[in-house]
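K.L.:
For reference, the structure I am asking about is given below.
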Amino acid sequence: MEQKVSIIVPVFNAAKYIEGLLDTILNQTHKNIEIILVDDESRDNSVDIIKESLNSIDCEYYLIQQTNSGAASARNHGLNYATGDYVVFVDADDLLHNRYIELLLKVALTTNSDIAICGFMNFMDENHTNLIADVSEDFEILDQEKATVDFALGLLKTNHWAMLYNKNLLILNNLQYPTNFKYGEDVYFATNCMAYSKKIAIIHDQLYFYRSTNTSLMGNITNDINTYVNNSMNIKIEQEKIIQEKCPTCFDKYTYFAIPRVVFSLVNNISVRYSYIEYRDICKTINARDNLRRLIKFPDKKIRIASFIFLISPRMFKLINTFRLRL
C-alpha cells in the first residue's frame, strides 16, 4: 500500500489564494493524501471557499477551526490530527508542482531518509500563470550535521515548506513549531528537525512555488526592528543548544556566523526601506560593522562581497540595493 502523506495548511484570511493552492493539492500525482486545514479565525470567507472547493470532491480532508493563535500554533494543531506516515507543511498562498508529494516521498523512501528536501521557485503575485519547472529527479544524500548548520545560516537555500518529514521523527522527538517567537519559528522548527534526523536527502527539482507579496515577512520586519532583533537572538541561543548537542563538528562554524547573518539580513532589508540617516543610525545600534566584518570569511560569495562593500561604504551598500530593487 502507498505511504500516506498528511498535508497541513494553516489558513488565515487566505480567500484570495486558497482555491489556487487546493487545486494544486488535488492535482498531485500521489493520491494517498489527507488535507488538514487549520483556520486561525479568518475574518474573510476562506472557510466558505474551502468547503465549496472540497465538499463535492472525493478526497480526505479535515477543516479545523481554532481561536486566533498564529501559524505556528495552527501547524502544531494540524499535526495532532495527522494520520499519515509523512507530513508536509504548506502555506495557503503558495502553489505546488503536481509531483511535489510523489518525488519527495520517492526520495525519502529510496534513501531511507527522515527528511526529504526539494528546490523551490519564487514568483510574484501577478506572475503565476506560467509556473513550469523541469524535473530531472536527481537527488543526493546530505551530510546531516553540515546540512543542519548550513540551513540555519542560510547557506542551504530551502525552507520548511520544501521539506517532507517522517512523522515518527516529529512525534518521537516532540518536534513542534515554537509559539513564543514572532518571527523565524519556521526556520527554528526545520533546523531542529534536521538536527534530530539520522539521514537527509535533497532533490534539486523546483517542486514548491513560493509567492512573494507586499505583505511578506521581511516587508514587515522594519516596522518592529527591536522585536525582530531580540526574537532572532533568542532563536539563535535556543538553536545553539541543539546544534552543540546534535552537530558538534559544525558548532564553531554556527556560533561564529549565526549573529552576523541575522544582522546582515536586517541591514539588507532596512537599506531599501529607510532614509539614509535612519538606516545609518540603526546600523550603529545593531553594531553592523563589527558583525559584517565576520562575514568576510562566510562561505557564500555573494554575502562576502556585499559585506565587503558595506565595510567600505554603508552608503554605497544602500545605493546598490536600492538600485537593484528598482530594476
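K.L.:
Between 0 and 90 degrees, rounded to the nearest ten: what's the tilt of helix 276-285 against the longest Cα principal axis of the chain?
P.N.:
Taking the Cα atoms of the chain, the angle to 276-285 is about 90 degrees.
K.L.:
Neighbour counts of other C-beta atoms within 10 Å: give me Ile64, Ile312 arranged from fewest to most.
P.N.:
Ile312, Ile64
K.L.:
Which stretch or stretches of the stretch 300-316 have amide N atoms under 12 Å from the point lying 7 Å from Asn268's Cα along the Cα→Cβ direction?
P.N.:
The answer is 300-307.
K.L.:
Could you pull the Cα extents of the stretch 1-134 along its three principal axes, largest to smallest, in whole Å?
P.N.:
Extents along the principal axes, in whole Å: 43, 35, 29.
K.L.:
Okay, moving on. Sequence neighbours fewer than 8 away in the same chain don't count; with that in mind, list the lysines whose C-alpha is under 19 Å from Lys31.
P.N.:
Lys4, Lys106, Lys167
K.L.:
Working out 0.36 nm times the residue gap between Ile312 and Lys16, then minus their Cα-Cα distance, what length gain in nm do you get to one decimal?
P.N.:
Contour length minus Cα-Cα distance gives 102.1 nm.
K.L.:
As an exercise, take the mean of 1/r over every pair of distinct alpha carbons in the stretch 58-130, invert it, and state the Kirkwood radius in angstroms.
P.N.:
Values: mean 1/r = 0.0670 Å⁻¹.
Hydrodynamic radius (Kirkwood, Cα only) of the stretch 58-130 equals 14.9 Å.
K.L.:
Moving on to the next point. Over the stretch 218-326, what relative contact order in percent results from Cα pairs under 8 Å that are six or more residues apart?
P.N.:
Reported relative contact order: 23 percent.
K.L.:
For Cα pairs less than 8 Å apart in space and 6+ apart in sequence, what is the mean separation divided by the residue count of the chain, i.e. the relative contact order in percent?
P.N.:
Answer for the chain is 17 percent.
K.L.:
Please give the FRET efficiency for Glu240 paired with Lys302, using the beta carbon to beta carbon distance and R0 = 25 Å, rounded to the nearest 0.05.
P.N.:
0.50
K.L.:
In which sequence would Cys59, Cys250 go, from the one with the fewest C-beta neighbours within 10 Å to the one with the most?
P.N.:
Ascending number of Cβ neighbours within 10 Å: Cys59, Cys250.
K.L.:
Using alpha carbons only, what's the Rg to Rh ratio of the stretch 218-326 with Rh from Kirkwood?
P.N.:
Rounded to two decimals, Rg over Rh is 0.99.
K.L.:
Hey, with R₀ at 22 Å, roughly what FRET efficiency would Leu63 and Asn32 work out to, going by the Cβ-Cβ distance, to 0.05?
P.N.:
The calculated FRET efficiency here is 0.65.
K.L.:
Let me ask another. Tell me the angle of helix 251-270 to the major Cα principal axis of the chain, expressed in degrees between 0 and 90 and rounded to the nearest ten.
P.N.:
The helix 251-270 is inclined about 80 degrees to the chain.
Coordinate-derived values only; no laboratory data. Small disclaimer: the values here were computed from a predicted structure and weren't measured. We place every Cβ from the backbone using ideal geometry, glycine too, and count neighbours over all the protein chains shown.
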